[in-house]
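Worksheet: the structure to be examined is printed underneath.
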Amino acid sequence: MLALLTDFVSSRRGKWITVAVWLIAAGSLISQLPMLADANENEQALFLPRDAEATRAYRLAQERFPASGTPVLVVFRQPEGLGPDAYEAAAELAAWLTGPSAPGSVGQVLSPDAAAGQRTGLVSPDGTTMYVFVEVVGEPAEQAFRDTVESIRDRSATFRLPGVEIAAGGPGGLIVDLVGVFAQIDTLLLLVTVLLVMVLLIVIYRSPIMAAIPLLGVGLVFQMAGAIAAWYALRYGIPISGQTTGIMTVVLFGTGTDYVLFVSARFREELTRHADRHEAMKATMRGVGGAVASAGATILVACAALGLATLRSYQALGPVIALSVGLMMLAAVTLIPAVLTIFGRLAFWPWQPRMATRSAPQVDWQRSIYGRVGAVVLRRPGVTLAVTGAALAVLVAGLLPYRENYDQLESLPGNAESVRSFELLRGGFPAGELSPTQLYVSLPPGADAGDPDSLDTFDGLTLALAGHPAVADASGPSRPVGARGPDASLLPPALVQRFVSADGSAGRIDIVLEGEPFSGEALDVVPELRALARMEASELGLPEGSVLIGGDTAEAYDTRRSGGRDSRTVLPLILLAIGVVLALLLRSLIAPLYLMVTIAFTYFATLGLVVVAFVVFAGHAGIGPSVPFFLFVFLNALSVDYNIYLMSRIREEARRIPLRKATHYALARTGPVITSAGLILAGTFSALMTLPLQDLLQLGFGVAIGVLMDTFITRTLIVPSLVSLLARWNWWPSRISAPNPGED
């Protein structure tokens with residue numbers, strides 16, 4: 001079936017029809033469907049499982065507290081003690097925020113009072129730090145929200161007070177800074193990726209035409225895939241983050257260029273055997289079409305397995321990558337062969353391949369670089385396997401200091417204003433003041449948060465939570481400035497209102513942890529607080545399910561819990577599915593087994609190297625929680641392409657020559673193109689390292705190093721050694737009719 005398709009697209013009429021169909025389809029889709037940026041979301045709770053407690057708390061907050069916005073904290077710090085000028089500046093800022101010239105998205109504003117001091121809850125106990133609390137309403141992903149935060153920052157920057165540092169951050173500032181980083185992905189990442197791929201292609205092919213063909217083909221597919229993915233996400237309510245968009249970019253350019261290299265390298269080889277370009281392309285696609293389709297299939301099955309994940313961030317990535325790679329795979333077996341057939345030998349200008357003749361024979365493959373490497377490997381396969389295996393084992397030992405980091409502030413550059421704001425805040429307040437954990441309480445029907453009984457209920461919960469050893473303070477409707485502060489009846493109503501829903505049917509208690517809100521210790525406290533809140537609610541007579549704990553720390557805990565489950569279930573399924581694809585392609589049960597082992601071994605060695613590079617030497621707080629997961633997915637789904645390309649060529653050659661010589665010949669023939677493909681794929685993922693986010697920096701480095709490790713060690717040394725040692729057992733239970741293995 002595939003041969004019929006590839007024969008058509010490389011025929012004299014078929015090549016023109018194929019190009020026309022692709023151009024018409026691309027024009028229709030790109031002009032009619034939305035852009036991928038229109039579907040981006042940035043609220044972490046949207047990426048959690050729907051039944052996670054933090055997700056349910058987020059939905060309750062959206063329903064009962066629609067007027068509540070995202071807090072922005074404008075922090076003032078003066079190490080020797082805040083003076084009158086600082087309080088005057090805070091009051092002036094609050095007056096502007098509540099006045100007629102304030103941005104339209106500003107909600108409630110709370111400012112410190114010099115006379116009330118610490119009793120307002122906005123001034124640190126040592127009097128060195130205070131903050132103005134500003135609620136910014138609206139969706140954080142919308143431009144109006146970002147404009148409001150930037151206006152607050154611009155206004156704060158106008159205050160020039162000697163010895164006083166001012167920075168606007170808090171959860172709202174953090175979101176704006178993260179969105180600002182993700183906004184660079186669509187432009188900076190795409191630009192870096194395209195330039196890098198172009199340079200590598202020109203170096204590899206020394207042909208401007210051959211460098212342009214992959215870029216134009218991948219660029220066309222990129223636009224089509226983005227439009228279809230955006231329509232799908234908006235149609236079915238799938239949340240897509242800026243991180244997903246960036247990963248799609250590098251995956252598509254990396255795999256797309258690889259597929260084009262597989263086709264073009266074999267086409268160049270066939271042009272030395274066939275005078276007619278159409279016949280050369282038919283032979284090319286009959287040789288590599290199955291390998292390209294299988295390579296794409298491994299990614300598709302990996303993406304299908306992502307649909308079984310509980311984290312919606314993983315679920316969302318699956319269809320986006322599947323659409324992209326599926327389209328690219330289709331283009332690699334239709335559009336690219338058609339375009340190359342149209343250009344023929346001209347595609348490789350000025351170094352056009354010629355027919356091999358007696359006066360111009362083909363280059364001796366045994367004297368090529370990979371021919372020489374193959375001779376060494378196959379002469380002593382056991383020694384080669386032992387040495388390379390020991391080297392990878394040393395890298396696996398790098399996993400010993402492994403730890404995860406859920407702190408989004410750590411991921412941002414140190415000069416981001418939200419990071420500076422947190423550092424100032426931490427100078428006088430508990431670290432948890434940055435992002436309090438939130439307990440939402442749904443009152444029984446007919447009850448009102450302002451009733452004495454309801455206030456007693458809130459008071460009991462507030463004091464119980466404040467008594468936990470990991471909690472610095474708790475505030476709610478009954479004690480709006482903290483558990484040790486004055487009763488609500490002695491304070492202005494505005495302080496109480498921010499803890500109560502508009503209809504009085506629900507209330508919120510803010511829990512400030514002693515430690516940093518995203519640390520592993522803080523995440524470990526979340527299940528304890530949930531158990532304590534449920535027990536206290538039961539004793540106070542609240543019905544089951546009345547209390548929910550959410551907020552950033554709770555969302556990070558639920559992410560960690562769901563991510564651990566996904567790693568234990570989804571990743572083995574991906575490896576198993578890739579093994580099935582390999583078994584079908586190679587018609588063997590033995591070869592897929594050792595190929596899967598080599599892939600897994602390379603993954604753990606790569607992750608160990610990532611840990612050593614970033615945790616031990618670069619001083620990062622830990623590895624991003626999604627990095628090991630995505631690293632496994634990409635190394636399994638992408639690096640296996642090279643094993644498919646090599647093993648399918650070995651099997652093809654083993655039908656006509658002895659296996660040892662077939663392995664040697666296949667390694668020599670596929671080595672240059674796989675090395676080129678590996679360099680390009682590593683280069684595209686290294687483009688992620690240009691972005692100022694630690695998680696993407698680690699992921700880009702990890703995939704790039706893993707691909708290079710697979711290219712130069714696993715595929716070049718380990719796999720040929722195993723093929724040689726196992727001999728005819730590689731293909732069990734099938735058999736390949738070949739000359740006597742003892743023949744040269």
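The values are calculated or read from the model by the stated rules, or taken from the named source; none is laboratory data. Predicted model, so just to flag it, every value in this text is computed and none were measured. Positions of Cβ are backbone-derived with ideal geometry, glycine not excepted, and every protein chain shown enters the neighbour counts. Surface accessibility is based on the protein's heavy atoms, side chains included, excluding ligands, DNA and RNA. Shrake-Rupley method; radii C 1.70, N 1.55, O 1.52, S 1.80 Å.
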For the structure I just gave you, tell me whether residue 138 is under 24 Å from the mean Cα position of the chain (by Cα) and of a type outside the set (A, V, I, L, M). no
Could you list, ordered by first residue, the pairs with Cβ atoms under 7 Å in which the first is in region 98-109 and among the aliphatic types (A, V, I, L, M) and the second is open to solvent by 30 Å² or more (accessible area, probe 1.4 Å) and not in a strand (DSSP E or B), at least 6 apart or interchain? 102/96; 109/98
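Just to be sure before I move on: is residue 295 farther than 17 Å from residue 677 by Cα and either open to solvent by less than 40 Å² (accessible area, probe 1.4 Å) or in contact with a Ser or Thr (Cβ under 8 Å, 6 or more places away or on another chain) (or both) in the structure I sent? Spell out the reasoning first.
Working: farther than 17 Å from residue 677 by Cα: no; either open to solvent by less than 40 Å² (accessible area, probe 1.4 Å) or in contact with a Ser or Thr (Cβ under 8 Å, 6 or more places away or on another chain) (or both): yes.
Considered against the rule, which asks whether it is farther than 17 Å from residue 677 by Cα and either open to solvent by less than 40 Å² (accessible area, probe 1.4 Å) or in contact with a Ser or Thr (Cβ under 8 Å, 6 or more places away or on another chain) (or both), residue 295 comes out as no.
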Tell me, which residue of region 528-538 that is in contact (Cβ under 8 Å) with a residue 24 or more places away in the chain and either over 32 Å from the mean Cα position of the chain (by Cα) or open to solvent by 50 Å² or more (accessible area, probe 1.4 Å) (or both) is farthest from residue 55 (Cα to Cα)? 536
Just one of 436, 444, 469 is closer than 24 Å to residue 479 by Cβ, in contact with a strand residue (DSSP E or B) (Cβ under 6 Å, 6 or more places away or on another chain) and modelled with pLDDT of 90 or more; which is it? 436
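Within region 609-623, track down each residue that is of a type outside the set (A, V, I, L, M) and open to solvent by less than 10 Å² (accessible area, probe 1.4 Å). I'd like the intermediate steps shown before the answer.
Going through region 609-623, the residues of a type outside the set (A, V, I, L, M) turn out to be 614, 617, 619-620, 622.
Selection gives 622 alone.
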Sort out which residues of region 33-68 are in contact with a helix residue (DSSP H, G or I) (Cβ under 6 Å, 6 or more places away or on another chain), within 20 Å of residue 553 (Cβ to Cβ), modelled with pLDDT under 80 and part of a helix (DSSP H, G or I), and write them in order of number. 44, 45, 47
Check residue 581 against each of (1) over 29 Å from the mean Cα position of the chain (by Cα); (2) in a helix (DSSP H, G or I) and name the one condition it does not meet. (1)
Just name the residue that is surrounded by the most Cβ atoms within 10 Å (Cβ to Cβ) out of those in region 83-133 that are touching a strand residue (DSSP E or B) at 6+ places or on another chain (Cβ under 7 Å), part of a loop (DSSP other than H, G, I, E, B) and not hydroxyl-bearing (Ser, Thr, Tyr). 112
Which one of these does residue 626 not meet: (1) over 22 Å from the mean Cα position of the chain (by Cα); (2) open to solvent by 10 Å² or more (accessible area, probe 1.4 Å)? (1)
Of all residues making up region 316-364, the number that are open to solvent by 60 Å² or more (accessible area, probe 1.4 Å) and modelled with pLDDT under 90: 12
When both residues are 6+ apart or on different chains and their Cβ atoms are under 8 Å apart, which pairs have a first residue that lies in region 680-699 and is among the charged types (D, E, K, R), and a second that is part of a helix (DSSP H, G or I)? 695/243; 695/411; 695/627
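Would you mind listing the helices (runs of 4 or more DSSP H) fully within region 380-486 where at least 1 residues are small (Gly, Ala, Ser) and buried (at least 22 other Cβ atoms within 10 Å of the Cβ)?
Values: elements: 381-396, 408-411, 417-426, 452-466.
Those helices (runs of 4 or more DSSP H) span 408-411, 417-426.
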Given (1) of a type in the set (A, V, I, L, M); (2) closer than 24 Å to residue 555 by Cβ; (3) open to solvent by less than 10 Å² (accessible area, probe 1.4 Å); (4) part of a helix (DSSP H, G or I), residue 263 misses just (2)
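Residue-wise test of (1) open to solvent by 50 Å² or more (accessible area, probe 1.4 Å); (2) modelled with pLDDT of 90 or more.
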{"residue": "143", "(1), (2)": "yes, no"}
{"residue": "183", "(1), (2)": "yes, no"}
{"residue": "202", "(1), (2)": "yes, no"}
{"residue": "212", "(1), (2)": "no, no"}
{"residue": "220", "(1), (2)": "no, yes"}
{"residue": "225", "(1), (2)": "no, no"}
{"residue": "239", "(1), (2)": "no, no"}
Considering only region 1-22, state which residues are out of contact with any helix residue (DSSP H, G or I) (no Cβ under 7 Å at 6 or more places or on another chain), over 19 Å from residue 290 (Cα atoms) and in a helix (DSSP H, G or I). 16, 17, 20, 21
Leading residue by the ranking (least open to solvent (accessible area, probe 1.4 Å)) among those in region 61-82 that are touching a residue at least 60 places away in the same chain (Cβ under 8 Å) and farther than 22 Å from residue 105 by Cβ: 76
Return the pair list, or none, for Cβ contacts closer than 9 Å from residues in region 13-28 that are at positive phi to residues that are modelled with pLDDT under 95, at least 6 apart or on different chains. none
If we keep only residues of region 365-379 that are modelled with pLDDT of 90 or more and surrounded by fewer than 18 Cβ atoms within 10 Å (Cβ to Cβ), then the residue farthest from the chain's Cα centre (by Cα) is 379
Please state which of the following conditions residue 475 fails to meet, knowing it meets all the rest: (1) within 30 Å of residue 622 (Cβ to Cβ); (2) touching a Ser or Thr at 6+ places or on another chain (Cβ under 8 Å). (1)
